[in-house]
Amino acid sequence: MRNFKNNPVATSIFVLPAVLTFSMIVAYPLISTLLKSFYEWDGITAGTFIGFGNFSRLFKDDLFYTSLRNGFIFALILTVFQLGLGTVMALTILNGKTFGRNTLRRAYFIPVVLSVTVVCQLWLSMYNPEYGLFNKLFELLGISYRQDWLSSMSVTSIIAVTMVSSWQSMGYQMALIYAGAKSIPEHFYEAAKIDGATTFQTHMKITIPLLAETYKICLIFCINAGLNAFAHMQIMTKGGPGTSTYTLTYMMTRSAFRLDEYGYGCAIAVTLVLQCLLVTLIINKFIARERLTY
Amino acid sequence: MKILGKSRSVLFQSFLWIYFLISLYPLVYLLFFSLKNNDEIFYTNPLGFPMHLRFHNYVQAITQFDIARYFKNSLIVSVASIVFILAFSLMFAYAAARLEWRLKGATYSYLLLGLFIPTQVILIPLAVLMRDIGIANSYSALIVPYVAFNLSFSSLIFYGFFRTIPVEIEESAYMDGANIYRIFMQIMLPLVKPAVATVTIFAFLSVWNEFPLALILITDQAHKTLPTGLLSFSGQFSTEWGPMGAAMVLSSIPMIVLYLVLGDQVEKALTVGSAVKG
């Protein structure tokens, strides 16, 4: 009766396309990255084994530390901006009395579905020192605060770049938090209501602690997005001015595809993964170790 | 106390609507400047509604610059990717959830590893591989990786769905003389339709907007998709903002329409995606 499920031919037909595609495109290059990080490799020949040579060079490279710093700035701003605003927005919109809540939700989410190129080009035009929206606004308000947003060597440029990403995906974090908060059963709030707690107290004591799992996901998402940032630099600054907006992924692609140092690029990729794994492990360890149950 | 609560809620309300403007005004600004000429954008009317609607900018974006071709490329790549993503992951998930074979658990876990691997980690060897097997700069150079990258997530979603379907349905179909392929095609597939919608939306958004792979793997103009294609005219156009804006508006329309029509389903598909990856 049940033997129709034990059918090797059908199983192969069902399983092989996915497994073969995945092995060729994901698993094989992954192993290749790991191996080649120990090689001096130009992407054409087999390369020469140099042990930890790429890594020791990387740890002496100033650019690595600039990139690392920028990754963390990116991650920090994303986290503060998106989780902070996202929480306030999600919880306010959750309140049935808020006027126009569905309109607001849709409006906050729209930038999420746009392509990163459109968003970056749009912000490039807004940041334009002569004709951009921001400087025009300051002019209109009579404030003489004109800025060349993306050309400063200090942290201003990386912050300006990060704001673009923060603006684009705030709605995404909000949607995550909103979905999480909506699934909290009503009865958790009844006792609080009887005790006369304010909305603010209720959220601080009940909603936010119950959302620990959701916050963990949001946090991992923000930090990984920050550490892996690439498209914004590629489109808006090309890592510049100078090397002040480099990130690890940007450095990796430049090493491989501009300088033909494929092995060095692989070493950067390996460092990047280890970093993301480490952060994810730390977050998993410290947040939501035990599920809260009331 | 009551007054305090009220003024606080007014404060919150105005904050929400201010952010509403921050969220949407840049897009409105884009729409406006796509209908203006440089003179108007730069000097006479940078912020407001266009004085003359210069639809000619859109004609220019379509006729002189390759926007139509990038659009076509994006469409071909997205549709082909989605077809293969759905086919491969539905078949795999069905076999993993319902058939009996050795190494089932191990194979399933192996495929799910994909959830934890960021694209950029494998970018370098992938680019070399694509060059070596001679499909760099073709549609397949994007379709094959997009399929591979979306398999893990889609299989996970479908697996969950297949597991909830009662075994009796398959068994009675088998008793009626259906073979395994017919059971899969005619009985199981219709039952997982909601999951197909979720996966399709998720895959469509991620493929349509994908940037790093498209940038590295496609260098010739003829095969560029919208995200990289748009990039190539910012240089040509740095002097002419109107047509550039028009091109950006045109390329964003499908996603915005999709979101406005499907709304909650889009949000759900995207948030399920990250909840899984976290």
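Each reported figure results from applying straightforward, stated rules to the coordinates on display, with no laboratory input. Quick caveat: nothing in here was measured; it's all calculated off a predicted structure. Quick reminder, even Gly has a Cβ in these numbers, built from the backbone with ideal geometry, and neighbours come from all protein chains shown.
Compute the helix-to-body angle for B:67-98: its Cα long axis versus the longest principal axis of chain B, expressed 0 to 90° and rounded to tens.
30
Helix B:241-262 sits at what angle to the longest principal axis of chain B, using alpha carbons and giving 0 to 90 degrees rounded to 10?
Its long axis makes an angle of about 40 degrees.
Tell me, rounded to the nearest percent, the portion of alpha carbon pairs in the stretch A:214-278 spaced more than 12 Å apart.
Every Cα pair in the stretch A:214-278 considered, those over 12 Å come to 70 percent.
Quick one: among A:24, A:89, A:126, which has the greatest mean-square fluctuation in a GNM of chain A with alpha-carbon springs under 10 angstrom?
Residue with maximal mean-square fluctuation among A:24, A:89, A:126: A:24.
Taking other Cβ within 10 Å of each residue's Cβ, how do A:92, B:164 sort, fewest first?
In increasing order of surrounding Cβ atoms, one gets B:164, A:92.
Would you mind checking the stretch A:256-272 for residues with the amide N under 19 Å from a putative spin-label position 7 Å along Cα→C-beta of residue A:46?
Hits in the stretch A:256-272 for residue A:46 at 19 Å: A:262-264.
With +1 on the Cβ of every Lys and Arg and -1 on the Cβ of every Asp and Glu, and nothing else charged, how large is the dipole of chain B about its Cα centre, in debye rounded to the nearest 20?
So the dipole magnitude of chain B works out to roughly 540 debye.
Rounded to the nearest 20 debye, what is the charge dipole size of chain A about its Cα centre when +1 sits on each Lys and Arg Cβ and -1 on each Asp and Glu Cβ? Working shown, then result.
Details: 22 positive and 14 negative charges, 157 e Å.
For this selection, approximately 760 debye.
Could you tell me the relative contact order of the stretch A:161-263? Use alpha-carbon pairs under 8 Å, at least six residues apart, and round to a whole percent. Don't skip to the answer; put the middle values down first.
Numbers: 50 pairs, mean separation 22.9, N = 103.
In percent, rounded to a whole number, it is 22.
Given the pairs A:238/B:72; A:182/B:193; A:60/A:216; A:36/A:60, which are separated by over 31 angstrom at their Cα positions?
The answer is A:60/A:216.
Please report, in Å, the Rg and the Dmax of the protein assembly as shown, where both are computed over Cα atoms only.
Values for the protein assembly as shown (Cα only, Rg and Dmax): 25.3, 83 Å.
Can you give the charge dipole size of the protein assembly as shown about its Cα centre, rounded to the nearest 20 debye, using +1 on the beta carbon of Lys and Arg and -1 on the beta carbon of Asp and Glu?
1080
Quick one: angle between helix B:193-208 and the longest Cα principal axis of chain B, in degrees between 0 and 90, rounded to 10, please.
Long axis of B:193-208 versus the principal axis of chain B: about 50 degrees.
Can you tell which of A:202, A:221, A:73 lies farthest toward the positive end of the dipole of chain A, using +1 and -1 charges on the Cβ of basic and acidic side chains (Lys, Arg; Asp, Glu)?
The Cα lying farthest towards the positive end belongs to A:202.
Put +1 on the Cβ of each Lys and Arg and -1 on the Cβ of each Asp and Glu in chain B; which of B:15, B:215, B:122 then has its Cα farthest toward the positive end of the dipole?
It is B:15.
Tell me what chain B gives for mean residue ellipticity at 222 nm when only DSSP H runs of n ≥ 4 count, each as -39,500 (n - 2.57), the sum divided by the residue total, rounded to 500 deg cm²/dmol.
So the calculated ellipticity at 222 nm is -24000 deg cm²/dmol.
Of all the Cα-Cα pairs you can form in chain B, what percent are over 24 Å apart?
Across chain B, Cα pairs with separations above 24 Å total 63 percent.
Just want the ordering: A:99, B:92, from fewest to most Cβ atoms lying within 10 Å of their own Cβ. Numbers along the way, then the final one.
Numbers: A:99 10, B:92 26.
Sorted ascending by nearby Cβ count, the order is A:99, B:92.
Give the aspartates and glutamates whose C-alpha is closer than 19 Å to that of residue A:205, dropping any in the same chain fewer than 8 places away, or say none.
Those aspartates and glutamates meeting the cut-off are A:186, A:190, A:195, A:213, A:290.
GNM, chain B, Cα, under 10 Å: largest mean-square fluctuation among B:77, B:249, B:199?
Among B:77, B:249, B:199, the largest GNM mean-square fluctuation belongs to B:249.
Specify the inter-centroid distance of the stretch A:1-67 and the stretch A:245-267, based on alpha-carbon positions, in whole Å.
If we compute the Cα centre of each part, the gap is 17 Å.
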